[in-house]
Amino acid sequence: MNAVVVTTFIYLVIAFALVIAVIPQWQRSGKEYLTHVFSTEERAEAVNRLLVTGLSLITMSLALFLMGIGSADTSEEAVMSLFIRLAGLLALVGAAFFVNLGAYWYLGRRIAEERADTDGPAVDEPVGHGPTAVAPIVPNKEA
């Protein structure tokens with residue numbers, strides 16, 4: 001087997017392992033934040049799954065695109081190409097993580113603005129169980 005095939009195989013194994021290792025961290029962090037942002041845990045979990053799935057697919061597609069970077073004629077060039085691909089992949093995974101944080105921030109800000117704009121009770125407040133508004137008693141001055 002030539003060095004280019006071996007380094008490409010190693011790169012793909014590392015790329016898939018990296019994404020698989022990072023997914024639980026994305027899920028834990030995202031779930032905790034989105035549970036705070038959304039009114040129900042089911043909605044937070046659904047949005048978290050969508051974001052993690054999209055982020056994983058984008059990361060893996062970028063990893064596959066990086067596979068074509070560099071052409072190697074010797075073993076040394078093949079190994080250098082492997083390191084360049086891995087460095088690029090790590091940078092892209094880091095950037096994807098920050099994009100994910102940005103999405104969480106945007107969703108949280110937007111939902112907070114929507115809650116502030118509504119005239120009704122906040123989502124966390126139970127409806128019908130709070131104190132009722134009573135008009136103040138004003139003493140009659142004519143008496």
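Check off (1) surrounded by fewer than 12 Cβ atoms within 10 Å (Cβ to Cβ); (2) under 20 Å from Phe9 (Cα atoms) for Leu89 and give me the number that stays unchecked.
Looking at each condition in turn, Leu89 falls short on (1).
Report yes if Leu57 is free of Cβ contacts under 8 Å to residues at least 40 places away in the same chain, hydrophobic (A, V, I, L, M, F, W, C) and in a helix (DSSP H, G or I), otherwise no.
On the way: free of Cβ contacts under 8 Å to residues at least 40 places away in the same chain: yes; hydrophobic (A, V, I, L, M, F, W, C): yes; in a helix (DSSP H, G or I): yes.
It is true that Leu57 is free of Cβ contacts under 8 Å to residues at least 40 places away in the same chain, hydrophobic (A, V, I, L, M, F, W, C) and in a helix (DSSP H, G or I).
Of the residues that sit in segment 26-57 and are β-branched (Val, Ile, Thr), under 30 Å from Val13 (Cα atoms) and touching a helix residue (DSSP H, G or I) at 6+ places or on another chain (Cβ under 6 Å), which one is surrounded by the fewest Cβ atoms within 10 Å (Cβ to Cβ)?
Filtering first and then ranking leaves Val47.
Just to be sure I understand, how many residues within segment 61-71 are surrounded by fewer than 16 Cβ atoms within 10 Å (Cβ to Cβ) and either modelled with pLDDT of 80 or more or more than 22 Å from Val4 (Cα to Cα) (or both)?
3
What is the residue count in segment 67-87 for residues that are without any contact (Cβ under 8 Å) to a residue 24 or more places away in the chain and among the β-branched types (Val, Ile, Thr)?
Count: 2.
Which residues, taken from segment 72-86, are of a type in the set (Gly, Ala, Ser) and surrounded by 15 or more Cβ atoms within 10 Å (Cβ to Cβ)? Explain how you work it out, then say what you get.
Our first condition is that a residue be of a type in the set (Gly, Ala, Ser); within segment 72-86, this holds for 72, 75, 78, 81.
Hits for segment 72-86 are Ala72, Ala78, Ser81.
The values are calculated or read from the model by the stated rules, or taken from the named source; none is laboratory data. Being a predicted model, the structure only gives us computed values, none of them experimental. Because the Cβ atoms are built from the backbone with ideal geometry, glycine has one as well, and the counts that use them run over all protein chains shown.
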